[in-house]
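Enquirer: Below are the structure tokens for one structure; questions will follow.
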Amino acid sequence: MSSELKSADLEGEDLSKEILACENKVYETFLGPQPDVEAFQKLILPDYLYITHNGVIWTGEENIISLKSGVAFSSIEIKNSQVRKLSPTSALIVARVLIEAAAGGHDLSTETLTSTVWVKQDGRWLAQLHTSIKVAQG
């Protein structure tokens, strides 16, 4: 294998680790009885959009209102993640996410397929677009 290919592989591996860490940071802001809204806001761009699992497009502010709605996330696990470099300053992660959550005594646990577009600004990765869809049962 040429040194250029080895270098590209290492760069891709580093990017994958970095983007997966960013994705985990976002989910960590959801955990516990109250979401860490301030930490979440530091991880998204001002024009961030979220396409929910039921087909609604939310702005960052609408996503925050939802986070404050009383859903308690007890665990979130990212599985089978794949990262793709889109440009020198953008990347995409696609993953299966297992969520354990409840609200008002109702179990809201689910398994989703998600994607997030990350953009690097001033040396920091920030989320621009997040999509989520429930895994088909069958």
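The values are calculated or read from the model by the stated rules, or taken from the named source; none is laboratory data. None of these values were measured; they are calculated from a predicted model. Cβ coordinates were reconstructed from backbone atoms using ideal geometry, including for glycine residues, and neighbour counts include every protein chain displayed. All accessible areas refer to the heavy atoms of the entire protein, side chains included, with ligands and DNA or RNA removed. Shrake-Rupley method; radii C 1.70, N 1.55, O 1.52, S 1.80 Å.
Enquirer: Any idea what the relative contact order of the chain is, in percent, if you count C-alpha pairs under 8 Å spaced at least 6 apart?
Expert: 23 percent
Enquirer: Quote the accessible area belonging to THR89 in square angstrom, nearest 10, computed with a 1.4 Å probe and with ligands, DNA and RNA left uncounted.
Expert: 70 Å²
Enquirer: What is the dipole size for segment 70-138, taken about its Cα centre, with +1 at each Lys and Arg Cβ and -1 at each Asp and Glu Cβ, in debye to the nearest 20?
Expert: Approximately 380 debye in magnitude.
Enquirer: Probe radius 1.4 Å, ligands and nucleic acids ignored: give me the carbon and sulfur share of the accessible area of the chain as a rounded percent.
Expert: Values: 4570 of 8410 Å².
With neighbouring chains kept in place, the figure for the chain is 54 percent.
Enquirer: Okay, moving on. Suppose accessible area is computed on protein heavy atoms with a 1.4 Å probe; arrange HIS130, HIS106 from highest to lowest.
Expert: Numbers: HIS130 25, HIS106 120 Å².
In descending accessible area the options line up as HIS106, HIS130.
Enquirer: At 7 Å along Cα-to-Cβ for each site, give me the label-to-label distance between LEU92 and VAL71 in nm.
Expert: 2.4 nm
Enquirer: Too long at a 21 Å Cα-Cα cut-off: which of LYS85/LYS134; LYS68/LYS120; LYS79/LYS120; LYS17/LYS120; LYS42/LYS134?
Expert: LYS85/LYS134; LYS68/LYS120; LYS79/LYS120; LYS42/LYS134
Enquirer: Can you put GLU111, GLU77, GLU28 in order of accessible area, largest first, using a 1.4 Å probe?
Expert: Working: GLU111 55, GLU77 90, GLU28 115 Å².
My answer, sorted largest first, is GLU28, GLU77, GLU111.
Enquirer: Would you mind calculating the gained length between LEU20 and TRP58 on full extension (0.36 nm times residue separation, minus the Cα-Cα distance), in nm to one decimal?
Expert: 11.4 nm
Enquirer: How big is the equivalent ellipsoid of segment 5-138 along its three axes, where each semi-axis is √(5λ) from the Cα gyration tensor, reported in whole Å from largest to smallest?
Expert: Semi-axes, largest first: 26, 17, 13 Å.
Enquirer: Let me ask something additional. Please report, in debye to the nearest 20, how large the charge dipole of the chain is about its Cα centre when each Lys and Arg carries +1 at its beta carbon and each Asp and Glu carries -1 there. Before the final figure, lay out the partial values.
Expert: On the way: 12 positive and 18 negative charges, 38 e Å.
Dipole magnitude for the chain comes out near 180 debye.
Enquirer: While we're looking at this one, here's another question. Taking the solvent-accessible surface of protein heavy atoms with a 1.4 Å probe, what is the per residue accessible area of segment 35-88 in Å²?
Expert: 63 Å²
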